[in-house]
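The structure appears below as structure tokens.
The values are calculated or read from the model by the stated rules, or taken from the named source; none is laboratory data. What you see is a predicted model, and the numbers here were worked out from it, not measured in a lab. Counting neighbours? That spans all protein chains shown, and the Cβs are built from the backbone with ideal geometry, glycine included.
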Number of protein chains: 2
Amino acid sequence: MTAVQTRSGPLDEAELAGLDAYWRASNYLAVGQIYLMTNPLLREPLAAEQVKPRLLGHWGTTPGLNFCYTHLNRIIRQREQKMIFLCGPGHGGPAVVAQSYLEGTYSELMPHIGRDEAGLAALFRQFSFPGGIPSHAAPEVPGSIHEGGELGYVLSHAHGAAFDNPDLVVAAVVGDGEAETGPLATGWHGNKFLNPATDGVVLPILHLNGYKIDNPAILARIPDHELVALLNGYGWHAHLVAGDDPATMHQLMAATLDAVFDEIATIRHDARNGAGIERPAWPMIVLRTPKGWTGPVEVDGKQVEGSYRAHQVPIPNARTDEKHRQQLEEWLLSYRPEELFDGEGRLRRAIAELAPRGQIRMSASPHANGGLLLRELRLPDFRDHALPVPSPATTTAESTRVLGGWLRDVIAANPDNFRLFGPDETASNRLSAVYETTDKDWQAALYPSDDRLGPNGRVVEVLSEHQCQGFLEGYLLTGRHGLFDCYEAFIHIVDSMFNQHAKWLKTTLSIPWRQPVSSLNYLLSSHVWRQDHNGFSHQDPGFIDHVMNKKAEVTRVYLPPDANTLLSTMDHCLRSRHYVNVVVAGKQPQLQYLTMEQAIAHCTRGVGIWDWASNDDGDPDVVLACAGDVPTLETLAAAALLREHLPRLAVRVINVVDLMRLQDEREHPHGMSETEFDALFTPDKPIIFAYHGYPTLIHRLTYRRSNHANLHVRGYKENGTTTTPFDMVMLNDLDRYHLVIDVIDRVPSLRSRCAGLRQRMADARLAARAYTREHGLDDPAISEWTWPYGETR
Amino acid sequence: MTAVQTRSGPLDEAELAGLDAYWRASNYLAVGQIYLMTNPLLREPLAAEQVKPRLLGHWGTTPGLNFCYTHLNRIIRQREQKMIFLCGPGHGGPAVVAQSYLEGTYSELMPHIGRDEAGLAALFRQFSFPGGIPSHAAPEVPGSIHEGGELGYVLSHAHGAAFDNPDLVVAAVVGDGEAETGPLATGWHGNKFLNPATDGVVLPILHLNGYKIDNPAILARIPDHELVALLNGYGWHAHLVAGDDPATMHQLMAATLDAVFDEIATIRHDARNGAGIERPAWPMIVLRTPKGWTGPVEVDGKQVEGSYRAHQVPIPNARTDEKHRQQLEEWLLSYRPEELFDGEGRLRRAIAELAPRGQIRMSASPHANGGLLLRELRLPDFRDHALPVPSPATTTAESTRVLGGWLRDVIAANPDNFRLFGPDETASNRLSAVYETTDKDWQAALYPSDDRLGPNGRVVEVLSEHQCQGFLEGYLLTGRHGLFDCYEAFIHIVDSMFNQHAKWLKTTLSIPWRQPVSSLNYLLSSHVWRQDHNGFSHQDPGFIDHVMNKKAEVTRVYLPPDANTLLSTMDHCLRSRHYVNVVVAGKQPQLQYLTMEQAIAHCTRGVGIWDWASNDDGDPDVVLACAGDVPTLETLAAAALLREHLPRLAVRVINVVDLMRLQDEREHPHGMSETEFDALFTPDKPIIFAYHGYPTLIHRLTYRRSNHANLHVRGYKENGTTTTPFDMVMLNDLDRYHLVIDVIDRVPSLRSRCAGLRQRMADARLAARAYTREHGLDDPAISEWTWPYGETR
Ligand SMILES: Cc1ncc(C[n+]2csc(CCOP(=O)(O)OP(=O)(O)O)c2C)c(N)n1
Ligand SMILES: Cc1ncc(C[n+]2csc(CCOP(=O)(O)OP(=O)(O)O)c2C)c(N)n1
Ligand SMILES: [Mg+2]
Ligand SMILES: [Mg+2]
């Protein structure tokens, strides 16, 4: 068992042989997964039909991942270190599956994949196979919280996982290609937010295997002095481990990891023993090895090991081409399976014992199945923060500021279990009350003049929506709670990260051993209608549309129109599990509609008739529906105009908080039945719907409703600039005057009869616009409008 | 005119005084824009009503931007250097507007903003004012190609602008907050793609003003040695300019810029005189100055200059609060406007003469109005690349590979005017024929084993969708052409960048002096249906939905089903102007349907009946519509099944290439009239529509059509994993058998009569699935299916 010689280093002969055997076993299992249908131990010569007909998987990254994992296991055992493993190049699924199989976790969770020859065959066959498991470090892989299909987020996830987990080390392998992505490139700065006393440790391992799919990687092709400068500049202390001779590399890696974990211990010790908290230069590793290390050196005369050609399946025709098959067989046998597995296909005892035991196995860590660790949030009663609303739509408040007061108390009540993330916008979004109880997390230099900045802050502000999202995802997937507040327009920056997280949630729903995690909550403020000052680039309500494409089981969208509905909604979201909740709410002073009691009832229904604003007595001529704070304002103002000018017109005003209610109950669990929808919106009367975002979404949600042909939606039609709030709604025909015009145009009995009123409304629009051009702000008669009719109807 | 003393440095007294005056003038104009309605020269004491009622704008970044711009002007004059200015913190609109006014460009293009007192008043008033101009470096600003509203893209844009512009210097100010974003953090690596001989120069100026909106910036709070290491590690040679005393800073900046441009000259000279091309360490500047420099030091007892409080409007109540107003007045007067403007409000001659002249003014550079420089692409005849299609749906080809051959010739014919951008996926997307004529651009280390990598490559591959998009935008906005090929799922990474570009295009349509630029073309391959190997994380067709939210004037979406339609479509896209064209096309071997002649006709119509696949004789019982290559395959297979089993059923098969055709002509310029739509899709027959993406989009496009209630759409419903191609379509009920079932369920005459066939179809699905579970691939009877009926009907 000792082809490997002892080069100088910390490992004695037996340790070296053991590590190498473990590594060979994992590589063998990886190649087996990529290639084999059966004959897992190669007891008989490899036959064509034993090779999978479709070869799908990524070899190149795999041996390096296995190398890291194997060596981390040694540290885990020696130091009893809690650790999880995040695999940046998540296409290295064969590696992480192999590792969790070697640790026994796989068979414990999936008993049909036993620890014997039949189990090995099943393990191999299922990989990237119809009805089997995906090719990536997907949710199906025990120990994974990072599928790594879309590259770039591993450091953000790692830091999120480390927050408030003082005993945890999060090992994060970064692909050298992955390192070219924007999110990863800023991900290194996560260390500016990690408190050595109260947070865990992130250990990045930059995997310089030199290549991506078809190109060299930038970081592998800059001189060492640039690379080291870059990583030091990012604030890390880089240790280089480079080479390709296994024995030498085992000694090097072991020595380096010993040094790295000593450094970590020193930093932690100092920070936790009052040496004062100063941002340390955390250690990290640069691992430079050939891509596809230990795989075929050449195939068909072309270099494979150490080149981009090792990325996927290095021997492509192993089923059909005899020579290829022979090469595959030699490759597999080079790992000496007979030394690794016994006659029954069981991993030999001596090797199996090198794995950590129990929960300390990275594949069995509860941190990687965060639902297991989930503690209920302690939620202070949001009713205590109720805004008094003496009469509907007569007083104003900044709704998010009211929410801020409650969030302050949430933070105070959950000092190690809840965080607020924002891209430098938390104060701008009017949540600054949170700073009455906590700081902004900051581990970089502090100046005496700094406000509410410090190493123990519960608010994480970094000007990277990617980092905010990635931190929060890592935090949630390891069993904690949080909220991401962001300008509505720029949340599109994380569209694709949202996709991946929603897919993760959907998939885990049907994995029995995965426990539900806390929901990912977005508060989108500074929204499209009130980015009048920043202009067109800041005006985009399309994230809601984007979210709607994901599975109904995991997505929720709320548009609370005022402070009390916002409080009630957010309480609901923070209690929920395993959703993505999108809450859109304004930060500007705005009219307040509902008392807390009314708000709770309204939010519980998700949609409701506002009686005081309606005068329909059960038989409306027209329905004015609205969703979103600004559309609600314009709808009410329109309702008042109608009551003034057309007192006999029966108007029903409906407000929608929970957008999903509009759907059919077969489409979404929150959906309304036909009957309920028809009762509310009528089967046949015109509906003028004032909506916060792009109008097509309302059609999309309701196109199957019987009254759909009568539905007329106003919303954002991508007209915007720097102007006044009312000019913004006018630019998009969402203003009160235009809504009245819409009513006149849609209610048959009004059409010709109301030409005069229609014209006055058009004139009012012109006058309103002219006012802005002259005075630079909205006519106070508009901006200071309040509901004139009290609660009577 | 010399309050400023001559500190040691390259500037003599007059030069120093001149620079300082110019800088003061620009700062004065910036403050004036933020605050003043009138009284632009403060000839009378500032009165309340002369202050804008809504104060909207960003001061903090402005003096630093003005400082850079002013000093760059000195270099431009001295060296007759062609340069453009990209303002990363684009919220510094007041600075760039002021600069283009000082250079005269503003008044040349907008004659109502003259160079006199009235012009000044108009300039001030219009800023962030209803009916005026936006607060950012928006398209409305002469000289801007980068609005910078959404932070993070300035270095990507800058490199894109520099490609193939050997005489140009692109100065790019990077906000220290902006530098925290992912795209910016990887943007520094743009230097790995810039050829010193044939490309221009990017000069980054990292603007360390210390703060963002409400927080310090990370890069301003790490020690200098880390910062310098970081920037050197990124491959730049950093020059530090730090301080706050204007005179000292002028000397320092001038001396530094002299050194920087000498370095640039040496690098260029060496590279262009055969010294061999090695990646140089390009110079860059770190400018450390107080945020809000020269503005109010304190307001209401709180520090403003040098703090985050300087970010927006430092004196908030200048209109209503007398003390504030006085402070504003003092601030404005501190720039000594009487020294800057003459009695008529004209910039004094001595100062005006410090601006460069004519096209060398950064605000007047044609490079910043790229349409002016646009040269037609030389497009080789795509018909020469026609794929022979002897009979429909009987032969296969990889459509994108065929396109690759044509793109190769496009690249060869346009060696300095067209580039292909991809995130390490160009070969994976089967476009490798381009490497027969060119390399992949690579300025980092080269190894002897490298394939098609080199400093003159026309293909830019970097594993960052943000960089690909940003490079391409910069390239297009400076008047060139290009194509971005990407996996369909991961194009969501640039959703928000697409938003910003689409907004830019829309806005420029109504700016008379902006010339149209070339379209931004996406080729999305490795699409949802054929990411069967990578699995769920790689399956997302939602970018089309995202694009649909932007203005119809600037968006186009094409789904060519085969090679010849793809060629014809792409030729059309590359000829077009000022659009975003999204083309989705598969890379896997797929059936080929149309001869080139048919393809051209089909693409010209954008939608059409496929006669050979139909048997309806003008009166169909059912319409089978399809859009996208895989849905087209399944639709044809369903049509064949119907012809076999229900030969008397009259079926019409319609294929849609141009998705916008489905819309109403009032919604989109490509939209069909009612009559045309009804003629094609019938006013009353069931339509079974097999669509590439999320089904709701087809409803969204057609919900106003008279036959909408009969429209039944199949598409991707977010079910996916690693499996076979046919299992993927079955998972989403888009398969041929399910389409037949849909026909049976929707055509009233079939419902009960065809229960047997319906059941056989359901059984066929089960059998197909079982086959995959056993063999790991699709039943050849399915995967090798071809159209059995030739061209007869
Ligand atoms: C954001 C993103 N863009 C593109 C891809 C397609 N892709 C899959 S693997 C890969 C190369 C990864 O290279 P590297 O990070 O070096 O991983 P390794 O060499 O370890 O396989 C690419 C470009 C992706 N997965 N994610
Ligand atoms: C991607 C993105 N996220 C958030 C914002 C909101 N925002 C506007 S300005 C700003 C701070 C910018 O700081 P910095 O780059 O340092 O600019 P400067 O200090 O020069 O104003 C932020 C966070 C934005 N514009 N873009
Ligand atoms: Mg790599
Ligand atoms: Mg700043």
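So B:Arg383 fits all but one of (1) under 23 Å from B:Cys87 (Cα atoms); (2) within 33 Å of the chain's Cα centre (by Cα); what number is the exception?
Exception for B:Arg383: condition (1).
Residue by residue through the stretch B:662-685, note down the ones that are surrounded by fewer than 22 Cβ atoms within 10 Å (Cβ to Cβ) and under 24 Å from B:Asp735 (Cβ atoms).
B:Lys685
Looking at the stretch B:110-126 only, could you name the residues that are touching a strand residue (DSSP E or B) at 6+ places or on another chain (Cβ under 6 Å) and either more than 13 Å from chain A (Cβ to nearest Cβ) or crowded, with 24+ Cβ neighbours inside 10 Å (or both)?
B:Phe124, the sole residue that qualifies.
Run down A:Ala255, A:Ala242, A:Ala179, A:Ala265 and say which single residue is under 19 Å from B:Glu226 (Cβ atoms), outside the structural domain of A:Val460 (by TED's automatic domain parsing) and more than 16 Å from ligand 4 (Cβ to nearest atom).
From the options A:Ala255, A:Ala242, A:Ala179, A:Ala265, the qualifying one is A:Ala179.
Give me a count of the residues in the stretch B:77-96 that are buried (at least 24 other Cβ atoms within 10 Å of the Cβ), part of a helix (DSSP H, G or I) and away from ligand 2 (no atom under 16 Å from the Cβ).
Selection size over the stretch B:77-96: 0.
Among residues belonging to the stretch A:142-164 that are over 30 Å from B:Asp176 (Cβ atoms) and either facing chain B (nearest Cβ under 8 Å) or surrounded by fewer than 24 Cβ atoms within 10 Å (Cβ to Cβ) (or both), point out the one that is nearest to ligand 3 (Cβ to nearest atom).
A:Gly149
Restricting attention to the stretch B:288-317, report how many residues are farther than 19 Å from B:Gly93 by Cβ, away from ligand 2 (no atom under 16 Å from the Cβ) and out of contact with any Asp or Glu (no Cβ under 7 Å at 6 or more places or on another chain).
Count: 6.
Just to be sure before I move on: is A:Tyr234 within 16 Å of ligand 1 (Cβ to nearest atom) and among the hydroxyl-bearing types (Ser, Thr, Tyr) in the structure I sent?
So A:Tyr234 does not fit the description; no.
Determine, yes or no, whether B:Ser752 is free of Cβ contacts under 8 Å to residues at least 60 places away in the same chain and under 22 Å from B:Arg648 (Cα atoms).
In short, yes.
Which helices (runs of 4 or more DSSP H) sit wholly inside the stretch B:683-748 and have at least 1 residues that are away from every other protein chain (no Cβ under 14 Å)?
Values: elements: B:696-702, B:725-731, B:736-746.
Passing ranges, in order: B:736-746.
Looking only at the stretch A:34-61, count every residue that is more than 16 Å from ligand 1 (Cβ to nearest atom), part of a helix (DSSP H, G or I) and not aromatic (Phe, Trp, Tyr) and tell me the total.
3
Are there any pairs with C-beta distances below 8 angstrom linking a residue in the stretch A:499-523 that is of a type in the set (Val, Ile, Thr) to a residue that is part of a strand (DSSP E or B), with the two at least 6 apart or on different chains, and if so which?
Close Cβ pairs (under 8 Å, with a partner that is part of a strand (DSSP E or B)) amount to A:Val517/A:Arg577.
Any residue at all in the stretch B:447-458 that's buried (at least 23 other Cβ atoms within 10 Å of the Cβ), more than 8 Å from every other protein chain (Cβ to nearest Cβ), more than 16 Å from ligand 4 (Cβ to nearest atom) and more than 30 Å from A:Gln126 (Cβ to Cβ)?
yes
Of the residues that make up the stretch B:236-254, is at least one under 30 Å from A:Gly470 (Cα atoms), touching a helix residue (DSSP H, G or I) at 6+ places or on another chain (Cβ under 8 Å) and away from ligand 3 (no atom under 16 Å from the Cβ)?
There is at least one residue in the stretch B:236-254 that is under 30 Å from A:Gly470 (Cα atoms), touching a helix residue (DSSP H, G or I) at 6+ places or on another chain (Cβ under 8 Å) and away from ligand 3 (no atom under 16 Å from the Cβ).
The rows are residues; the columns are (1) under 16 Å from the mean Cα position of the chain (by Cα); (2) of a type outside the set (Gly, Ala, Ser).
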| site | (1), (2) |
| --- | --- |
| B:Ser449 | no, no |
| B:Asn456 | no, yes |
| B:Phe471 | yes, yes |
| B:Thr478 | yes, yes |
| B:Phe498 | yes, yes |
| B:Lys506 | yes, yes |
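Taking into account only those residues within the stretch A:421-441 that are within 22 Å of the chain's Cα centre (by Cα) and within 20 Å of A:Pro455 (Cβ to Cβ), which is nearest to ligand 4 (Cβ to nearest atom)?
A:Asp424
Hey, could you check the stretch A:181-208 for residues that are touching a residue at least 60 places away in the same chain (Cβ under 8 Å) and part of a loop (DSSP other than H, G, I, E, B) and say which is nearest to ligand 3 (Cβ to nearest atom)?
The qualifying residue nearest to ligand 3 (Cβ to nearest atom) is A:Leu194.
Of all residues in the stretch B:222-269 being among the hydrophobic types (A, V, I, L, M, F, W, C), within 30 Å of the chain's Cα centre (by Cα) and within 14 Å of chain A (Cβ to nearest Cβ), which is farthest from B:Trp282 (Cα to Cα)?
B:Leu227
Residue-wise test of (1) at pLDDT 95 or above; (2) farther than 14 Å from A:Asp658 by Cβ.
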| residue | (1), (2) |
| --- | --- |
| A:Gly535 | no, yes |
| A:His546 | yes, yes |
| A:Val554 | yes, yes |
| A:Val557 | yes, no |
| A:Pro560 | yes, no |
| A:Cys573 | yes, no |
| A:Ser576 | yes, no |
| A:Val584 | yes, no |
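Looking at (1) surrounded by fewer than 23 Cβ atoms within 10 Å (Cβ to Cβ); (2) in contact (Cβ under 8 Å) with a residue 40 or more places away in the chain, can you tell me which one A:Leu731 breaks?
(2)
Evaluate the stretch A:99-109: report whether one residue or more is aromatic (Phe, Trp, Tyr), away from chain B (no Cβ under 11 Å) and more than 16 Å from ligand 3 (Cβ to nearest atom). Steps first, answer last, please.
Step one: filter the stretch A:99-109 for residues aromatic (Phe, Trp, Tyr), giving A:101, A:106.
Applying the additional criterion that residues be away from chain B (no Cβ under 11 Å) yields A:101, A:106.
With more than 16 Å from ligand 3 (Cβ to nearest atom) added as a condition, the list becomes A:101, A:106.
The answer is yes, given that some residue of the stretch A:99-109 is aromatic (Phe, Trp, Tyr), away from chain B (no Cβ under 11 Å) and more than 16 Å from ligand 3 (Cβ to nearest atom).
Just name the residue that is surrounded by the fewest Cβ atoms within 10 Å (Cβ to Cβ) out of those in the stretch A:749-762 that are among the basic types (Lys, Arg) and in a helix (DSSP H, G or I).
That would be A:Arg760.
Among all residue pairs at least 6 apart or on different chains, which show Cβ distances below 8 Å where the first residue, located in the stretch A:768-785, is more than 11 Å from chain B (Cβ to nearest Cβ) and the second is surrounded by fewer than 18 Cβ atoms within 10 Å (Cβ to Cβ)?
Qualifying pairs under 8 Å: A:Asp779/A:Ala767.
Yes or no, residue by residue, for (1) surrounded by fewer than 24 Cβ atoms within 10 Å (Cβ to Cβ); (2) more than 14 Å from every other protein chain (Cβ to nearest Cβ):
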| site | (1), (2) |
| --- | --- |
| A:Thr508 | yes, no |
| A:Asp540 | no, no |
| A:Asn581 | yes, yes |
| A:Thr595 | yes, yes |
| A:His602 | no, yes |
| A:Gly608 | yes, yes |
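Scan B:Gly190, B:Gly200, B:Gly210 and give me the residue that is under 26 Å from the mean Cα position of the chain (by Cα) and within 14 Å of another protein chain (Cβ to nearest Cβ).
Exactly one residue qualifies, and that residue is B:Gly190.
Condition check ((1) modelled with pLDDT of 95 or more; (2) acidic (Asp, Glu); (3) over 23 Å from B:Ala138 (Cβ atoms)) across all residues:
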{"residue": "A:Val713", "(1), (2), (3)": "yes, no, yes"}
{"residue": "A:Thr721", "(1), (2), (3)": "no, no, no"}
{"residue": "A:Pro725", "(1), (2), (3)": "yes, no, no"}
{"residue": "A:Ile741", "(1), (2), (3)": "yes, no, yes"}
{"residue": "A:Ile744", "(1), (2), (3)": "yes, no, yes"}
{"residue": "A:Met761", "(1), (2), (3)": "yes, no, yes"}
{"residue": "A:Tyr771", "(1), (2), (3)": "yes, no, yes"}
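Can you tell me which residue within the stretch A:304-329, out of those that are within 16 Å of ligand 1 (Cβ to nearest atom) and part of a helix (DSSP H, G or I), is nearest to A:Asp176 (Cα to Cα)?
Going through the qualifying residues, I end up with A:Tyr308.
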